[in-house]
Amino acid sequence: MTLLQIQNLKKSYVGPEGDRHTVVDVKHFTLAEQEQIALSGESGSGKTTFLNLIAGILKPDSGSIHLAGESMSDLKEPARDRLRARTIGYIFQTFNLLQGYTCLENVLLGMSFGAGVDAAFAEKLLKRVGLGSRLKHYPRQLSTGQQQRVAVARALANRPKLVLADEPTGNLDHQNARQSLTLILEACKENGAALLLVSHDREVLSRFQKVEDLRKLNHASSHMEARK
């Protein structure tokens, strides 16, 4: 069953000189429930903007985003926030952990925006990602790889139908990147979540059965190339 369907999605920005630049121009894209897809995309290909449009963080100029049977692009901001909280988990490249809160508190805070706080499930997730002995540690007391694991647990905290991952291994060394990717793939599968991951790393992309080239998918990129 289709979880995510995108049609004629466009997003542009006005530059410093007043000229408009189209960043995203995706005619069609679909993702099935529990499917795992990687998007290959270099810097400037619109990958973060694309994910933020899907998440409802940004509103498109035109086009439609249907997620879990609801039209994300037609909702007003409060309704988009609610749909995102109960349907989407987001793994950021920079993790975006709250430094003044413990590992457990970071996950619990993520839950507070969804269906509600479930401390037992939060602890279960942190144990699953190998941080059962560090529940009360603060991000500054963790390695970069461990911080990424907290981010994975937080993304799964509200039992999302879709996990978005924006270059999730970009700040990790080679060994931690491989371990983190394995964890993301396995944890999403175990929790019944679909995964849409963006990366330019060929080794990361090789772990997916289905890889889409964002530059081919995104007509805005081809337009920019044609103007060069």
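Condition check ((1) modelled with pLDDT under 95; (2) in a loop (DSSP other than H, G, I, E, B)) across all residues:
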{"residue": "Gln7", "(1), (2)": "no, no"}
{"residue": "Ser12", "(1), (2)": "yes, no"}
{"residue": "Pro16", "(1), (2)": "yes, yes"}
{"residue": "Gln34", "(1), (2)": "no, yes"}
{"residue": "Ile37", "(1), (2)": "no, no"}
{"residue": "Gly44", "(1), (2)": "yes, yes"}
{"residue": "Thr48", "(1), (2)": "yes, no"}
Residue check for Thr87: surrounded by fewer than 20 Cβ atoms within 10 Å (Cβ to Cβ), of a type in the set (Ser, Thr, Tyr) and in contact (Cβ under 8 Å) with a residue 60 or more places away in the chain: no
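For (1) among the aliphatic types (A, V, I, L, M); (2) part of a helix (DSSP H, G or I), each residue gets a yes or a no:
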{"position": "Gln146", "(1), (2)": "no, yes"}
{"position": "Arg149", "(1), (2)": "no, yes"}
{"position": "Ala153", "(1), (2)": "yes, yes"}
{"position": "Ala157", "(1), (2)": "yes, no"}
{"position": "Pro160", "(1), (2)": "no, no"}
{"position": "Leu172", "(1), (2)": "yes, no"}
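Residues Leu195, Leu135: which one is assigned to a loop (DSSP other than H, G, I, E, B), on the phi < 0 side of the Ramachandran plot and touching a Cys at 6+ places or on another chain (Cβ under 9 Å)?
Of the residues listed, the single one that is assigned to a loop (DSSP other than H, G, I, E, B), on the phi < 0 side of the Ramachandran plot and touching a Cys at 6+ places or on another chain (Cβ under 9 Å) is Leu135.
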Residue ID - modelled with the lowest pLDDT, chosen from residues in segment 68-84 that are surrounded by fewer than 19 Cβ atoms within 10 Å (Cβ to Cβ) and part of a helix (DSSP H, G or I): Asp74
Total residues in segment 16-71, condition over 21 Å from Gly192 (Cα atoms) and not β-branched (Val, Ile, Thr): 29
Enumeration of residues in segment 203-220 that are in a helix (DSSP H, G or I) and either free of Cβ contacts under 8 Å to residues at least 40 places away in the same chain or of a type in the set (S, T, N, Q) (or both): Glu203, Lys216
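The values are calculated or read from the model by the stated rules, or taken from the named source; none is laboratory data. Not measured: the values here are computed from a predicted model. Cβ coordinates were reconstructed from backbone atoms using ideal geometry, including for glycine residues, and neighbour counts include every protein chain displayed.
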